[in-house]
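Accompanying notes for the structure given below.
The values are calculated or read from the model by the stated rules, or taken from the named source; none is laboratory data. Keep in mind that this is a model prediction, so the values were computed, not measured. Note: ideal-geometry Cβ built from the backbone for every residue, glycine included; neighbour counts use all protein chains shown. Please note that ligands, DNA and RNA were not included when accessible areas were found on the heavy atoms of the full protein model with its side chains. Shrake-Rupley method; radii C 1.70, N 1.55, O 1.52, S 1.80 Å.
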Amino acid sequence: MIKIIQLITAEMIIADYNEETHEVENPLFIHQQAQEGQGPKVNLYPYNILGNGNITLNPDNIVWTVDPEQKLKNQYQDAFSSIITPPGPKVIS
């Protein structure tokens, strides 16, 4: 199940998270940047760039988990999708 995970190190990641084994698959680091007048900008970066395979988290290092909002979930899924989708049509008024 795709979750946002807050770690005690203040790192926030989004990943396919198994709550029983505490294993994460395809973790991405969430970087939030304030944009004046626009709200936060969210970028996703690879979390495990030096290793291969899944990561097992120590449950003592997890502060909380939450389901991501749909827009962020879509951004996460797009990062691992091999399907290229064109941007939606723009509305001109």
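Considering only segment 33-67, state which residues are closer than 18 Å to Asp78 by Cβ and not aromatic (Phe, Trp, Tyr). Selection gives Lys41, Val42, Asn43, Leu44, Pro46, Asp67.
This table checks each residue for (1) touching a helix residue (DSSP H, G or I) at 6+ places or on another chain (Cβ under 7 Å); (2) at pLDDT 95 or above.
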| residue | (1), (2) |
| --- | --- |
| Ile8 | yes, yes |
| Ala15 | no, yes |
| Pro27 | no, yes |
| Ala34 | no, no |
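Of the residues screened, Asn61 is not one that is of a type in the set (S, T, N, Q), surrounded by 10 or more Cβ atoms within 10 Å (Cβ to Cβ) and at pLDDT below 95.
Restricting attention to segment 24-46, the residues being in contact (Cβ under 8 Å) with a residue 24 or more places away in the chain and either open to solvent by 70 Å² or more (accessible area, probe 1.4 Å) or touching a Cys at 6+ places or on another chain (Cβ under 9 Å) (or both) number 1. Which residue is nearest to Ile5 (Cα to Cα), if the candidates are limited to segment 21-74 and must be part of a loop (DSSP other than H, G, I, E, B) and of a type in the set (A, V, I, L, M)? Filtering segment 21-74 for residues that are part of a loop (DSSP other than H, G, I, E, B) and of a type in the set (A, V, I, L, M), the one nearest to Ile5 (Cα to Cα) comes out as Leu57.
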